[in-house]
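Please read the structure below before turning to the comments.
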Amino acid sequence: MKRRDAILTLIDALSGRHDLGRTALQKAAYFVDARLRLGFGHSAYYYGPFSSALESDVVTLVNAGLVREKEHRLGFVNQQGFEGRQYEYDLDDAGKERVARIADKYPDEVDEIRRVAATLLASPHGLDQKLLSAAAKVHYIEELEGELTPEEIEEVARQFNWTLPASTVERVRRLLADLDL
């Protein structure tokens, strides 16, 4: 399965949600990649694992008319001097038709992507980007270091300039277990 096909399938599985923005999509794709090893290439970034390839693929899918991106201005300027914005993603008809073809060609992979999406949506916090970011950080650290205590994860997180309290680590471990990660 190609990365872009996985992204389309994931957006389809999560579409119709106002909280499916850039950060939530990055983290959901991170979990899909952890299950299917599609080569998104996530690396440590400000809000946890980030994939520039994923970001580029989403732009390509938007420009190709398969994905709709809605932008909402939030009315503030952040510390870096950029205006706060929120994005939403969903598929247009051409995107939905493409996902149907993808499902015929890659049924097992599509089922796994849909399972990851359903697990995230069933979480009490849904697509809350703070929780998803924390869960992705915990998984990322443990992929590098092996299984650690919450306090050890908190310490390693500081090396990435991430704030990840041990109490948060304990909260997100349930989500990671539900995702079989």
Candidates 156, 110, 99, filtered to the one that is within 17 Å of the chain's Cα centre (by Cα) and either surrounded by 15 or more Cβ atoms within 10 Å (Cβ to Cβ) or closer than 25 Å to residue 19 by Cβ (or both): 110
Of all residues in segment 115-133 being modelled with pLDDT under 95 and of a type in the set (D, E, K, R), the one that is surrounded by the most Cβ atoms within 10 Å (Cβ to Cβ): 128
Residue among 5, 33 that alone is under 19 Å from residue 91 (Cβ atoms) and either without any contact (Cβ under 8 Å) to a residue 24 or more places away in the chain or of a type in the set (Asp, Glu) (or both): 5
Residue that is modelled with the highest pLDDT [pool: residues in segment 60-73 that are assigned to a strand (DSSP E or B) and in contact with a helix residue (DSSP H, G or I) (Cβ under 7 Å, 6 or more places away or on another chain)]: 67
Which numbered condition residue 47 misses (of (1) surrounded by 13 or more Cβ atoms within 10 Å (Cβ to Cβ); (2) out of contact with any helix residue (DSSP H, G or I) (no Cβ under 6 Å at 6 or more places or on another chain); (3) in contact (Cβ under 8 Å) with a residue 40 or more places away in the chain): (2)
Pair list, Cβ < 8 Å and 6+ apart or interchain, from segment 74-96 residues that are in a strand (DSSP E or B) to residues that are of a type in the set (Phe, Trp, Tyr): 83/76; 84/76
Residue selected from segment 33-59 under the condition over 13 Å from the mean Cα position of the chain (by Cα) and part of a loop (DSSP other than H, G, I, E, B), by the criterion nearest to residue 141 (Cα to Cα): 46
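For segment 70-95, which positions are charged (D, E, K, R) and either under 20 Å from residue 30 (Cα atoms) or under 20 Å from the mean Cα position of the chain (by Cα) (or both)?
70, 71, 85, 88, 90
The values are calculated or read from the model by the stated rules, or taken from the named source; none is laboratory data. Values in this document were obtained by computation on a predicted structure and should not be read as measured data. Glycine gets a Cβ as well: all are built from the backbone with ideal geometry, and neighbour counts include every protein chain shown.
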